[in-house]
Every structure is written in C-alpha cells, then in structure tokens.
2 protein chains.
Amino acid sequence: MSRTKIKDLLNATDFGQQVIVKGWVRTFRNNQFIAINDGSTLNNIQAVVDFASTDEALLKRVTTGAAVSVTGELVESLGKGQRVEIKVTELEILGDSDAEKYPLQPKKHSLEFLREIAHLRFRTNTFNAVFKIRHALAFAVHKFFNDKGFVYMHTPIITGSDAEGAGEMFRVTTIDFDSVPRNEDGTVNYKEDFFGKSTNLTVSGQLEGELAAMAFGEVYTFGPTFRAENSNTTRHLAEFWMIEPEMAFYDIHDNMDLAEELLKYVIRYALDNCSDELEFLKNRLLEEEKQKAQNERSELDLIAKLNFCLENNFERLTYTEAINILKSSKPNQKKQFKYLIDDWGADLQSEHERYLVEKHFKKPVILTDYPAAIKSFYMRRNDGDVSGKETVRAMDILFPGIGEIVGGSQREERLDVLQKRMEDLHIPVGEMDWYLDTRRFGSAPHSGFGLGFERLVLFVTGMTNIRDVIPFPRTPKNAEF
Amino acid sequence: MSRTKIKDLLNATDFGQQVIVKGWVRTFRNNQFIAINDGSTLNNIQAVVDFASTDEALLKRVTTGAAVSVTGELVESLGKGQRVEIKVTELEILGDSDAEKYPLQPKKHSLEFLREIAHLRFRTNTFNAVFKIRHALAFAVHKFFNDKGFVYMHTPIITGSDAEGAGEMFRVTTIDFDSVPRNEDGTVNYKEDFFGKSTNLTVSGQLEGELAAMAFGEVYTFGPTFRAENSNTTRHLAEFWMIEPEMAFYDIHDNMDLAEELLKYVIRYALDNCSDELEFLKNRLLEEEKQKAQNERSELDLIAKLNFCLENNFERLTYTEAINILKSSKPNQKKQFKYLIDDWGADLQSEHERYLVEKHFKKPVILTDYPAAIKSFYMRRNDGDVSGKETVRAMDILFPGIGEIVGGSQREERLDVLQKRMEDLHIPVGEMDWYLDTRRFGSAPHSGFGLGFERLVLFVTGMTNIRDVIPFPRTPKNAEF
C-alpha cells in the first residue's frame, strides 16, 4: 500500500478505507490526537491513536516536528474542526525531533526570527502559504506566455557586457586574489580569466531578449538577475527573479495592454488556485492590523484588494500629467514630501509614486513618456518634443504598497538615433555591435518590459518584506544557506 | 486592423479576408513572391506583389532579412507548396537589410559559422526549431510537476557554501583586484566582500531543495547552475540549466519511477506539440547522415528514436551487474576501451556508458547502487554490503548519444551515518549545520535527482553540440553577447 497525500484525504469521502499517511507532527494533544502535515496542503489531518494499546515510549516520541508514518482507517470525524480523521492502527516514527532543541515551537514566531532559520521556516503555515502562492504565480506566468505562443528564452546569467546600465554588477571570476595576472601596464589581464575577458552577473536579460524577439516575434525570459547595490530595504534583493517579455511589432500601447493582461491573469490564477493560502494570509494580515490604529488599517482585506485590481482598469497617464498632479497635491503644497516637486524633469521618488497610487487614484497606475534624461538609452525617443523636454516611450506600472512592479518601454528601433544616444552616454558602441545588428538588419518597432517577480509575490501574499517571499534571500552581508 | 500571426493564417480557411502580416523576408522570387516569416512558425507565408503597380525602388528594398508589413487579401494559393497566400495591396518596409552585408544568406550555413553569429542564428529554420522545442520542453517540465502538486523552488544562485562538491566553482565578488582587503595574516578578508564572506555560483540547488522537501513533501528546482571547469567538449557548458526534484518519503525505486515518467512525459509532449519542428530536424539529420557511410548512420530516425524511448521500459541494473557485462564485453576483451574494466570499483567512463546503452541494451539504462567511494557524501549507504564493497543508492540514467542525462540518489537520512561520512571526506560539518538540521528534526527517507536540461534538448532535437541548444553558450574563453 502506498501513502496518500493529506490534500487528497481531506477531500475523500470513501470512509472505511485503509490509508497510510506520512508527514510531520504539528501538535499532539491528550496523548491521543496527532495533527499531521505533509506539505501538500496548509491543512493538517488528525490521526487518533489509542493510547491505551500503544507503547508509552513510542508515544513520547510523538513530538512537534517529528516525521511519522501512520496507517489506519479513514473515518468521519466526530470532533469539531475537521471532517475526516484517521483511526490509527500502526504508528511509526521515521525521524525524531527533540522538543527541547527544535526551534519551531507550536506558537507564533516573529518573521525576523524565522528569517534566521530560513531552512526551517517552510514548515510554518505562513511560509507554506507564501511559497505555494509563489509557485502558482510562477506557473501562471509560464502558462500565460505559452498559451500566447511566446518562446521562453534562457538568456545568459554570466555576461561579458557591462553596458546594460541597470545597476552595479557582481564580478564572476576564477582569478585567485593571491596571484592576479597583470598586463605590462599593471592593469588586470582578464585574458587569463575563465572567459578570457571581464565577466559579471547579468542585471537584465533584455538586450539578449531583443535579439530573440527579432526572430521569434514574441519571447520572454524568467530567470535570476543581480544588483550589487548596498541597499538594505524591504524592497531590494541582491539576487531576484525577473520576467522580461520582448515583442516585435508591439508599440507602447500594445506593451501596456500585455503587461496589464499578464498581471491580471496571474492574480486571477492565484485567486482561483490558492484560495486556502490566500484566506490564511488574509486572516494573518487582519490579525496583524489589529495592533494598528483604526486609521492606519487597510481599507480592503487581501482578497478584496486582489479582486479590486482585477475589476478596474489601470490608470494610464503621462509623466507630465503626473508632475502636474503632484505639484498641486497637498503634500507638495504643505511641504510634506521629502523631495518637493518643483519642475518638469524631476525623477519620481517612492513617496510620489505612492501618493499617485494610494492617495490620488487609489488603483494601479501606468506612467508613460518620461523625460529621456532619466531613462535608459534603449528607449524609443518620442517625435516632436520641444527642445529640453525630450521624452521617451517608457511605461512604468506602479502598484499600491509596492511601487514600481513593471518597468518597460517601446525600444528605439532607429539605428542612427540609438547610436547617437549611446555615444552621448559614452556607452561603448563597438562592444555592442551584436545589439546594433538588430537595427541594421530588418529592424522593426518593438517593445518589452521587466516584471520583478518578488514584488509580484509581495503584492499577492500581502507580505511586507521582500526577504520573506524568496526562499533564501541574498542581501548585503547575507548569503546564508 | 491588427496584424495576424502567420501560424494562424496558414491554418485559416476564411479566404477573402483582409489581413496584415508583419515579419522578415526569407526570399523574394521573380520580383513577385515574398516568403515572409514572423517566427510564430517554421513555415513562411507567401505574399504576392503586383510588381507592375509597385514602385521599383520599394521592390528593391525587399531583401533577405528585411522587416516588412504587408496588407492584403488572404486567398487560396494556386502555386505548389502552400495552401494560402496573400494578395498584397500595401507593402511597407519596416527595416531594411543590406543584402551585401547581411550575414545570413538564403543558403545553408554551417553550425560553426552560425555559432559565431548566435545573435542572428535564431532567424534560421534549424534554430527556430531547436528553440521552439527547448521552450516546449521547459513548459512540459513545469506542467508535469505542477500537475503532480510539486512546489517550484527558486534555490539561490549565489551561495556561501562550497561543500556541494559537484565541481569547480566561479567566485562572485565585488572586491577590486587592485585593492584586495587583507587580514593581519595576509589572507583575503572576505568580511569586506559584498556578502561578508566568500561566495560562489551554485553548482546545484539540491541541498536547499532537500530543506524544502522536508516541509512541502515534493519540490523541484529549474534554474541555472555553473561549473568552472576547463572542458571544451560537445557535452559541457560553464553555465547550464538543471531540473532538480527532491521528494520526501521516496525511496530509490520511487525516484527512478518519477525520473522515467518525467522523461517520457516531456518527450511525448514534444512529439505532440512540436511535430513541424521535429519533422524538420528529422529531415535535417537524414540529410546530414547521407554524408556518412551506411554502417555509421542511425538505425532510427529522430522521431522513431523518440517513440522508441516512450515504448520501452528503461533497463534497470546495478553497477555490479554493469561491471560484469562490461568485463566480458568484446571491446574490453579486445582491449578496444581506452579505460579497460578490470575490477569492481572502477568509475565508468563515457565509452562504457555508451557501450551499455547503444550496443548492449540499445535503450535507456538506469544504473544503481554504485560504489560509495565514487559517489557523493549525501547518498544513502546500502545496508549489509561486504567490507570494501560499500555501495550507495545512486541512480544514473544513461541515454543513447548523450550519456548521463540524470544523476540522482536516495539521500542519506541517518544523522550519524551522514555526519561520519562528511567527516571522513573533510567536509566542514560546522558550516553545514543547516543541512544537518533536516536530519536532526523529523528526518525521513527521501530522494531526488538532477536532469541536465541542455542534454535533454540535445536528445530531443538530435543536435550534437550542446552549444547549439542554449541561446548564448558560455564555455572556456567564450562569453559573447
């Protein structure tokens, strides 16, 4: 007889059948009721042992965290709180768990404490729910693109290009610090390094994605990206996962439509496929907010917030319109913003984005047509701007509580404009010949965006620290496990 | 009116409709017939221009590689080779392609040449087919595990652990070679490095996968892994993608069953979803084999080979049985093996694996119960072996033409046995406390394996060089694009 997963048993109706369950003890009450969890669902199954006929030494080993195998009859439960339970005929301890030493006790632990024991936190309800939802969102992303005929591209992680310009990079090397090869002029001789040149961890798969889009039409990446930035915030990681679609023949409007459709699709997928997990996290948040003053609590609970997102169009406006709103906003007038908005051209800070999304529009916002000066070289320059107010066809999606969740643009498809822009920014055009080739041979309007996967998981789970939605977070001075 | 993808048009039956197609010119015949490809399918659509009524200067710009937009009527084709075509009313050049300079001419290019222009090779039929199949296989992997309730884990890429023992590692650092921080004793002070310790690129997500399996029951990873090994072969990459499932309560037999089921599932998925691409690659191979002597050609064509794989059980035997077969084999007797098999304990080389798979059994083979001495510390020691012939519950799957495609084992779940083994191998037990915690608290029999994704793609596409099945290969002295 093989084991049955608890998820299947909790839905079973054929009482009287013999079953085997394997899992971990969550609690053991009255020397009689074992709550067993096997990870297949948030919910435990209750196994009832006849303590009179069971060896006392064996019962003593039924401790929180112990791995057990129980064989017995599936029966309708008479107790409250569960529909089915197992009348145990055989109990086996697969692996003990010393109650004195096991770090996870059957009580509430702080998220900070659980972060220290990230190798065990998967065993809690909160993290079971978070990582089940993370899984569902990842699968939904693949399904969304697959159903549309996009091709999944594994763009390189190790890159010889340092022109992506999205942030500080990590060096990848096999050079020994104690015997660094040098050129005659004393500089490091990277020809001796593994790849024969200086290499880094990628900050984005976009440029390579564009190459593929100009052949397959529609592609996407979903892989790890890296920033060697010393920012210790609740929204930044040194290693995080990003989804980057690139599409030939899409203009900025097609791009926004796709991004909005993707976000709504994956949120709906989570609502449809993770109802237990979302319900648990919703209640967890409500419980947490009880500590807060009434006016600091969320207007909508987690599930209502997700549904609200689905039911409303994202607000689309230009950067220029946003600046006008911000300029005349109360926090700007009353000088409550840390960075006051005076003029067109200012880079928007988190406080401004949050004002627009959370106070002014109260829903997701897509900002477009940013000043060229504050955006990347590869973004499509708008035609007909007045001098000094040049803009690009960028589009950033801002989410409540999260800020920027998507950053994208139509790409500059005109070789001469792109080349000029790269020269102005001192980007080594020669090293980027492969990128420019897409503009030399069969160039076409195209677009793409990047979706920060952890920020999406944050939004859907309602968690507030990005370290709590990736299995083993990498941050400055921290690469444990 | 928005554009229609060529894949959809080629299946359309509502003739007379106005359509817009955007794509790239493959060929232009008789100043009249444009073969357009948009990447949505291997197949081109034929657009017929009325050259009499079309500007000559415009027609001159219809060159191989140019991006075009054509508007016209979808009509039944009278010509051979296509069912539908477009009667063009409007032709627009989106991006030119200088025929003199465009590296891809409408003729056969060598794979070696195409590897040099990997940023353009996606535009060929061969690589269109290869990367469509790669996509389909990746999606099939996710679908297989999702349908079974496995949780997708993003295990870390940057790791502080160097005990995985699967091979040479790349260092990840932000230390400047020109000002290396030193301790008083002259050693490098990694406390000053980004993560406050020495860090590397992961060689495997297995150990972290095990942590998650002991909470979720069944998990898998699918991510990039790295080897800093100076091997320039057709089967090795410095950066490659691996799928690593880990399952609590699985013994080695459950593990083999799962691996065989997975491989058959994804191969069947490719057969069901990539028939055009496989047909193309089958014919490509047949063409290539015409250069070979009759006795060197494959017995089965590509599609027959894949079907054969589905229809037959993988042969399962122990290492000891394999050694006996190899010892008495003709190439061993006649000393044709480079490494002759004399005794139990020898590590199997590629030539031995290929003999077993391609000559002896003529089908996929699963070898189990290898000598402990040639396998990793975390593999489950078999009970009752005679001294000096200790074995572990390893299982490697060998594929024709590929060699090892899967490597796995039941994991050592006994704390004392595992700890002893680590000490014997001088693995720093203290640094691996987090790993040992899974054996301290609720340990249970569990298993897992690693499937090299590129080797799978090699097998299914029939390509012979691993550099041709990953978009931008990373190998010693090569990290282009």
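Which FRET efficiency value, to the nearest 0.05, is calculated for residue B:338 and residue A:231 with the Förster distance at 60 angstrom and r the Cβ-Cβ distance? Before the final figure, lay out the partial values.
Details: r = 54 Å, r/R0 = 0.90.
Computed FRET efficiency for residue B:338 and residue A:231: 0.65.
Defining the label point at 7 Å along Cα→Cβ, can you sort the distances from residue A:257 to the same site in each other copy, shortest first, in nm?
Counterpart label points of residue A:257 in the remaining copies fall at 4.9 nm.
Using a cut-off of under 15 Å, list every residue of segment B:445-461 whose amide N is near the label point 7 Å from the Cα of residue B:287 along the Cα-to-beta-carbon line.
Inside the label zone: nothing.
Could you list B:123, B:227, A:439, A:411 so that the one with the fewest beta carbons within 10 Å of its beta carbon is first and the one with the most is last?
Details: B:123 26, B:227 18, A:439 21, A:411 30.
So the residues, fewest neighbours to most, are B:227, A:439, B:123, A:411.
Under 18 Å Cα to Cα from residue A:132, which lysines show up? Leave out anything in the same chain fewer than 8 places away.
Straight-distance partners of residue A:132: A:5, A:7, A:143, A:282, B:143, B:148.
As I understand it, the value is the acute angle between the Cα axis of helix B:252-273 and the longest principal axis of the Cα atoms of chain B; what does it come to in degrees, rounded to 10?
With rounding to tens, the tilt is 0 degrees.
Viscosity 0.890 mPa s, temperature 25 °C: give me the Stokes-Einstein translational D for segment A:322-481 in µm²/s, with Rh taken as the Kirkwood radius over C-alpha pairs.
On the way: Rh = 18.1 Å.
Estimated diffusion coefficient is 135 µm²/s.
At 222 nm, what helix-only mean residue ellipticity would the protein assembly as shown give, in deg cm²/dmol to the nearest 500, using -39500 (n - 2.57) for each DSSP H run of four or more? Working shown, then result.
Numbers: 29 runs with 289 residues, N = 962.
It comes out at -9000 deg cm²/dmol, rounded to the nearest 500.
What shape does segment B:368-445 have by the C-alpha gyration tensor, where a ≥ b ≥ c are the square roots of the eigenvalues, rounded means a/c under 1.5, and otherwise prolate means a/b greater than b/c and oblate the rest?
Working: a/c = 1.95, a/b = 1.56, b/c = 1.25.
Prolate shape, in that a/c is at least 1.5 and a/b is the bigger ratio.
What list of ³J(HN,Hα) couplings, whole Hz, do you get for segment B:90-106 from phi and the Karplus terms 6.51, -1.76, 1.60, once you set θ to phi - 60° and write x for glycine and proline?
Going residue by residue, I get 9, 10, 10, 8, 7, x, 6, 9, 5, 4, 5, 9, 5, x, 9, 8, x Hz, with x marking Gly and Pro.
Strictly greater than 20 Å: what percent of every Cα pair in segment B:6-104 meets that?
Working: 1444 of 4851 pairs.
More than 20 Å apart: 30 percent of the Cα pairs in segment B:6-104.
Taking the 0 to 90 degree range and rounding to the nearest ten, how far is the long axis of helix A:302-311 tilted relative to the main principal axis of chain A, both from C-alpha atoms?
Roughly 40 degrees between the two axes.
In a solvent-free Debye calculation with one equal scatterer on each Cα, what is log10 I(q)/I(0) for chain A at q = 0.05, 0.07, 0.09 Å⁻¹, listed in the order of the q values?
For chain A, the Cα-only Debye profile gives -0.26, -0.49, -0.76.
Modelled label-to-label distance, residue A:87 and residue A:350, 7 Å Cα→beta-carbon offset: nm?
Result for the modelled spin labels: 5.8 nm.
At residue B:360, with labels set 7 Å past Cα in the Cβ direction, how many nm apart are the copies from this one, shortest first?
Copy-to-copy label distances at residue B:360, shortest first: 7.3 nm.
At 7 angstrom along the Cα-to-beta-carbon line, where would the label on residue A:192 sit relative to the other copies? Give the distances in nm, shortest first.
Relative to the other copies, residue A:192 has label-point distances of 2.0 nm.
Within the set of other residues whose C-beta is less than 9 Å from the C-beta of residue B:400, count the net charge using Lys and Arg as +1 and Asp and Glu as -1.
Working: positive: B:305, B:354, B:362, B:363; negative: B:358.
So the environment of residue B:400 carries a net charge of +3.
Please give, to one decimal in nm, the separation of the simple spin-label points placed at residue A:31 and residue B:75, each 7 Å out from Cα toward the Cβ.
My value for the distance between the label points is 9.2 nm.
Check the straight Cα-Cα distances from residue B:22 and name the aspartates and glutamates below 16 Å, setting aside those fewer than 8 residues away within the same chain.
A:218, A:246, A:251, A:254, A:413, B:8, B:38, B:73, B:85, B:90, B:92, B:96
Classify segment B:335-381: rounded, prolate or oblate, from the alpha-carbon gyration tensor (a ≥ b ≥ c, eigenvalue square roots; a/c under 1.5 rounded; otherwise prolate if a/b is larger than b/c)?
Values: a/c = 2.86, a/b = 1.42, b/c = 2.01.
Oblate is the answer for segment B:335-381, as a/c is 1.5 or above yet b/c matches or exceeds a/b.
Between segment B:267-281 and segment B:1-77, what is the separation of their alpha carbon centroids in Å?
Each part reduced to its Cα centre gives a spacing of 26 Å.
List the residues whose amide H sits under 5 Å from the amide H of residue B:479, counting only those 5 or more places along or on another chain, with H placed 1.01 Å from N in the peptide plane.
none
Starting from the coordinates of the alpha-carbon atoms of the protein assembly as shown, obtain the Kirkwood hydrodynamic radius over all distinct pairs and give the value in Å to one decimal. Walk me through the intermediate numbers first.
Working: mean 1/r = 0.0327 Å⁻¹.
In the protein assembly as shown this quantity evaluates to 30.6 Å.
Helix B:275-289 versus the longest principal axis of chain B: what is the Cα-based angle in degrees, 0 to 90, to the nearest 10?
In chain B, helix B:275-289 runs at an angle near 80 degrees to the longest axis.
Treat every Asp and Glu Cβ in the protein assembly as shown as -1 and every Lys and Arg Cβ as +1, leave all other atoms uncharged, and give the resulting dipole magnitude about the Cα centre to the nearest 20 debye.
Numbers: 120 positive and 148 negative charges, 189 e Å.
For the protein assembly as shown, the charge dipole is close to 900 debye.
Could you please rank B:338, B:132, placing first whichever residue has the fewest other Cβ atoms within 10 Å of its Cβ?
On the way: B:338 10, B:132 25.
Ranked by crowding around the Cβ, least crowded first: B:338, B:132.
Between segment B:387-442 and segment B:106-185, how many Å separate their Cα centres?
25
Just subtract the alpha-carbon distance of residue A:116 and residue A:296 from 0.36 nm times their residue separation and send over the number in nm, one decimal. Intermediate results must be reported in sequence, preceding the final value.
On the way: separation 180, 0.36 × 180 = 64.80 nm, distance 2.88 nm.
Computed gain between residue A:116 and residue A:296 is 61.9 nm.
Every number here is computed from the coordinates shown, using simple stated rules; none is lab data. None of the values given here were measured: they were computed from a predicted structure. Here the Cβ is made from the backbone with ideal geometry for all residues, glycine too, and neighbour counts use every protein chain on show.
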